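*Asks:* Take a look at this one; I'll ask things after.
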Amino acid sequence: MKECLMTQLDLNFVRSQFPAFDSPVLSSHAFFENAGGSYPCRQVVDRLHRFYLDRKVQPYGPYPGAQAGGAEMDEARSRLAGLIGVKDEQVSFGPSTSANTYVLAQAVRVWLRGANAAIVVTNQDHEANSGVWRRLSDEGIEVREWQIDPQTGSLDPADLQALLADGRVKLVCLPHCSNVVAEINDVASLSAMARAAGARVVVDGVSYAPHGLPDFAALGCDVYLFSAYKTYGPHQGIMVISEDFGAELPSQGHYFNAGSLHKRFTPGGPDHAQIAACAGMADYIDAVHTHHFGAESDPAARNRAVHDLMRAHEVAVVAPLLDYLAARNDLRLIGPRRGEDRAPTVAVVLDRAAEPVSEALGREGIGCWAGDFYAVRPLTAMGVDLEQGVLRMSLVHYTSAEDVSKLIAALDRVL
């Protein structure tokens, strides 16, 4: 049995780690709204509950509850940093990824002011990693758009190379994958291309991190942002930043905190309980690793193994859905046809308004939604009627093959 578990995800074990599957409310539907927010794992729920019971005081004070609370906040940063392969100081918490990106953009606004510089953004992004950067044009910073193919939604690396050619680009902002196109961009090669041209790289990983936490060094970017609440955790945004870029940018926090990298881009007081609960995300990844592979002292190695295990399961489980949708002639499947090339976030354009279809699927025991999902720019570029929107069905590694079968059967009835 152990040899099998080393190569195949034990779904029974995984689902036992998520209280939602025992909930009489949540377990009534097969859940396909994970890109909007995943279920929290039991370890996160337990830590959050414990913090509010025993640690809900100003942390780090000279008494037991305060010291325990501060220690648990530090643990969350340290444990996640270890899994991602960075130093503790490189991990910052904030109220959301949108807020973290906004603060980062304000630092870049000052960094590039008067520099006769340009930045590159894409129209494949969620608005959180697009709008804030585009507004830097107010400071005279040139904004260049790396445009998707209107048919496939893909970004062509050759187009980025052309945008970088004159050497004026100082920052490239791109998604690891889009929340509607879902194609996994080759961040490592794109980062290398940008860095060779003298540009820093900011990656929005919100739509990728739920499918496996990043290996920051392997990606080669300067900043990686993702959302804990879409990665089995509480409602926090997490930012990983390189030490040299973090030091080069002007601090956005209190002046007396400027010497601390993890505080430089935190202008407001953090949510102590939710930061502490983020350690439960690391607990969960470690538990999955131990169950499938046994002991491993290097946290980054544990993360890579669990990442690959999750991805293999997702690729296999989403394949029948992609095949089913690609075979229908009354809808348009957005993004790659192969699960290996994409995150299992599947958006389709229907021959009718999408939201009533999601409502009908709800009555069939399927939890998903419809709309533009703040991906107005890519959907517009691909000619999608925003009034009709897209139907989006998003999986993660705890999604079962039976869930996908239920979804396909429900789609047959509703469509």
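*Asks:* Restricting attention to the range 191-216, and to residues there that are over 9 Å from the mean Cα position of the chain (by Cα) and within 21 Å of ARG264 (Cα to Cα), which single residue is surrounded by the most Cβ atoms within 10 Å (Cβ to Cβ)?
*Replies:* Checking each candidate, the answer is VAL203.
*Asks:* Taking only the range 222-250 into account, find how many residues are within 13 Å of SER92 (Cβ to Cβ), not polar (S, T, N, Q) and not in a helix (DSSP H, G or I).
*Replies:* The qualifying residues number 10.
*Asks:* State yes or no: is GLY220 among the small types (Gly, Ala, Ser), without any contact (Cβ under 8 Å) to a residue 60 or more places away in the chain, under 26 Å from VAL396 (Cα atoms) and open to solvent by less than 10 Å² (accessible area, probe 1.4 Å)? Let's see the steps before the verdict.
*Replies:* Values: among the small types (Gly, Ala, Ser): yes; without any contact (Cβ under 8 Å) to a residue 60 or more places away in the chain: yes; under 26 Å from VAL396 (Cα atoms): yes; open to solvent by less than 10 Å² (accessible area, probe 1.4 Å): no.
Against the criterion (among the small types (Gly, Ala, Ser), without any contact (Cβ under 8 Å) to a residue 60 or more places away in the chain, under 26 Å from VAL396 (Cα atoms) and open to solvent by less than 10 Å² (accessible area, probe 1.4 Å)), GLY220 does not qualify.
*Asks:* Considering each residue of the range 265-285, count those that are surrounded by 19 or more Cβ atoms within 10 Å (Cβ to Cβ) and either without any contact (Cβ under 8 Å) to a residue 40 or more places away in the chain or of a type in the set (Val, Ile, Thr) (or both), and give that number.
*Replies:* Adding up the residues that qualify gives 3.
*Asks:* Out of the residues in the range 306-332 that are farther than 22 Å from LEU213 by Cβ and either among the hydroxyl-bearing types (Ser, Thr, Tyr) or open to solvent by less than 10 Å² (accessible area, probe 1.4 Å) (or both), state the one that is farthest from the chain's Cα centre (by Cα).
*Replies:* Out of the qualifying residues, it is TYR324.
*Asks:* Which residues, counting only those in the range 133-177, are hydrophobic (A, V, I, L, M, F, W, C), in a helix (DSSP H, G or I) and over 25 Å from the mean Cα position of the chain (by Cα)? Break it down stepwise before answering.
*Replies:* Here is the first cut: in the range 133-177, the ones hydrophobic (A, V, I, L, M, F, W, C) are 133, 136, 141, 143, 146, 148, 155, 158, 160, 162-165, 169, 171-174, 177.
Imposing the further condition that a residue be in a helix (DSSP H, G or I) reduces the set to 133, 136, 158, 160, 162-164.
If the condition is that a residue be hydrophobic (A, V, I, L, M, F, W, C), in a helix (DSSP H, G or I) and over 25 Å from the mean Cα position of the chain (by Cα), then ALA158, ALA162, LEU163, LEU164 are the ones that fit.
*Asks:* Check GLY61, GLY37 and return the single one that is open to solvent by less than 60 Å² (accessible area, probe 1.4 Å), at positive phi, modelled with pLDDT of 95 or more and not β-branched (Val, Ile, Thr). Working first, answer last.
*Replies:* Values: GLY61 fails: at positive phi.
Among GLY61, GLY37, only GLY37 is open to solvent by less than 60 Å² (accessible area, probe 1.4 Å), at positive phi, modelled with pLDDT of 95 or more and not β-branched (Val, Ile, Thr).
*Asks:* Moving to a separate point now. Taking into account only those residues within the range 142-177 that are touching a residue at least 60 places away in the same chain (Cβ under 8 Å) and open to solvent by less than 10 Å² (accessible area, probe 1.4 Å), which is farthest from VAL348 (Cα to Cα)?
*Replies:* Applying the filter and picking the extreme gives LEU171.
*Asks:* Inspect all residues belonging to the range 46-57 and state whether any of them is open to solvent by less than 60 Å² (accessible area, probe 1.4 Å) and under 24 Å from HIS307 (Cβ atoms).
*Replies:* Yes, there is a match, as at least one residue in the range 46-57 is open to solvent by less than 60 Å² (accessible area, probe 1.4 Å) and under 24 Å from HIS307 (Cβ atoms).
*Asks:* Ok, one more. State whether the residues of the range 116-132 include one that is of a type in the set (Ser, Thr, Tyr), crowded, with 23+ Cβ neighbours inside 10 Å and not in a helix (DSSP H, G or I).
*Replies:* Here is the first cut: in the range 116-132, the residues of a type in the set (Ser, Thr, Tyr) are 122, 130.
Next cut, crowded, with 23+ Cβ neighbours inside 10 Å only: 122, 130.
Of the ones still in play, those that are also not in a helix (DSSP H, G or I) are 122, 130.
Yes, there is a match, as at least one residue in the range 116-132 is of a type in the set (Ser, Thr, Tyr), crowded, with 23+ Cβ neighbours inside 10 Å and not in a helix (DSSP H, G or I).
*Asks:* Determine which single condition GLY253 fails, assuming it passes every other condition in (1) in contact (Cβ under 8 Å) with a residue 60 or more places away in the chain; (2) open to solvent by less than 40 Å² (accessible area, probe 1.4 Å); (3) under 17 Å from GLU89 (Cβ atoms).
*Replies:* Condition (1) is where GLY253 drops out.
*Asks:* Considering only the range 373-415, state which residues are open to solvent by 50 Å² or more (accessible area, probe 1.4 Å) and among the charged types (D, E, K, R).
*Replies:* Filtering the range 373-415 down to residues open to solvent by 50 Å² or more (accessible area, probe 1.4 Å) leaves 374, 376-377, 380, 383, 385-388, 401-402, 405-406, 412-413.
If the condition is that a residue be open to solvent by 50 Å² or more (accessible area, probe 1.4 Å) and among the charged types (D, E, K, R), then ARG377, ASP385, GLU387, GLU402, LYS406, ASP412, ARG413 are the ones that fit.
*Asks:* Can you name the residue in the range 240-250 that is of a type in the set (A, V, I, L, M, F, W, C) and touching an Asp or Glu at 6+ places or on another chain (Cβ under 8 Å) and is also surrounded by the fewest Cβ atoms within 10 Å (Cβ to Cβ) among such residues? I'd like the intermediate steps shown before the answer.
*Replies:* Of the range 240-250, the ones of a type in the set (A, V, I, L, M, F, W, C) are 240-241, 245, 247, 249.
The next check asks that each one be touching an Asp or Glu at 6+ places or on another chain (Cβ under 8 Å); those that pass are 241, 245.
Values: ILE241: 27, PHE245: 19.
Residue satisfying both the conditions and the ranking: PHE245.
*Asks:* Something else: Return the residue satisfying two criteria in turn: it lies in the range 21-34 and is of a type in the set (A, V, I, L, M, F, W, C) and open to solvent by 30 Å² or more (accessible area, probe 1.4 Å), and of such residues it is farthest from the chain's Cα centre (by Cα).
*Replies:* Filtering the range 21-34 down to residues of a type in the set (A, V, I, L, M, F, W, C) leaves 21, 25-26, 30-32.
The next check asks that each one be open to solvent by 30 Å² or more (accessible area, probe 1.4 Å); those that pass are 21, 25-26, 31.
Details: PHE21: 22, VAL25: 26, LEU26: 22, PHE31: 18 Å.
Only one residue tops the list, namely VAL25.
*Asks:* Another question, if that's okay. Among the residues of the range 76-127, what is the count of those that are charged (D, E, K, R), closer than 21 Å to ALA247 by Cα and modelled with pLDDT of 95 or more?
*Replies:* Residues of the range 76-127 that are charged (D, E, K, R), as a first pass: 77, 79, 87-89, 109, 113, 125, 127.
With closer than 21 Å to ALA247 by Cα added as a condition, the list becomes 77, 87-89, 109, 113.
Subset that is modelled with pLDDT of 95 or more: 77, 87-89, 109.
Total meeting the criteria: 5.
*Asks:* Something else: Can you tell me which of GLY280, GLY246, GLY268 is of a type outside the set (A, V, I, L, M) and more than 23 Å from GLN106 (Cβ to Cβ)?
*Replies:* Numbers: GLY246 fails: more than 23 Å from GLN106 (Cβ to Cβ); GLY268 fails: more than 23 Å from GLN106 (Cβ to Cβ).
The conditions single out GLY280.
*Asks:* Then there is this: For PHE21, are the conditions met, namely being in contact with a helix residue (DSSP H, G or I) (Cβ under 7 Å, 6 or more places away or on another chain) and under 24 Å from ALA343 (Cα atoms)?
*Replies:* Numbers: in contact with a helix residue (DSSP H, G or I) (Cβ under 7 Å, 6 or more places away or on another chain): yes; under 24 Å from ALA343 (Cα atoms): yes.
Criteria met by PHE21.
*Asks:* Kindly indicate the residue of the range 178-190 that is part of a loop (DSSP other than H, G, I, E, B) and under 19 Å from GLY220 (Cβ atoms) and also most open to solvent (accessible area, probe 1.4 Å) among those meeting that condition. Let's see the steps before the verdict.
*Replies:* Step one: filter the range 178-190 for residues part of a loop (DSSP other than H, G, I, E, B), giving 178-182, 185-186.
Right, trim to under 19 Å from GLY220 (Cβ atoms) and you get 185-186.
Numbers: ASN185: 14, ASP186: 89 Å².
The residue in question is ASP186.
*Asks:* Take the conditions under 23 Å from VAL315 (Cα atoms), crowded, with 24+ Cβ neighbours inside 10 Å and without any contact (Cβ under 8 Å) to a residue 40 or more places away in the chain and apply them to GLY233. Does it pass?
*Replies:* Details: under 23 Å from VAL315 (Cα atoms): yes; crowded, with 24+ Cβ neighbours inside 10 Å: yes; without any contact (Cβ under 8 Å) to a residue 40 or more places away in the chain: no.
So GLY233 fails the test.
The values are calculated or read from the model by the stated rules, or taken from the named source; none is laboratory data. Quantities reported herein were computed from a predicted structural model and do not represent experimental measurements. So basically every Cβ, Gly included, is an ideal-geometry build from the backbone, and we count neighbours across all protein chains shown. Just so you know, the surface numbers come from the protein's heavy atoms only, side chains and all, with ligands and any DNA or RNA stripped out. Shrake-Rupley method; radii C 1.70, N 1.55, O 1.52, S 1.80 Å.
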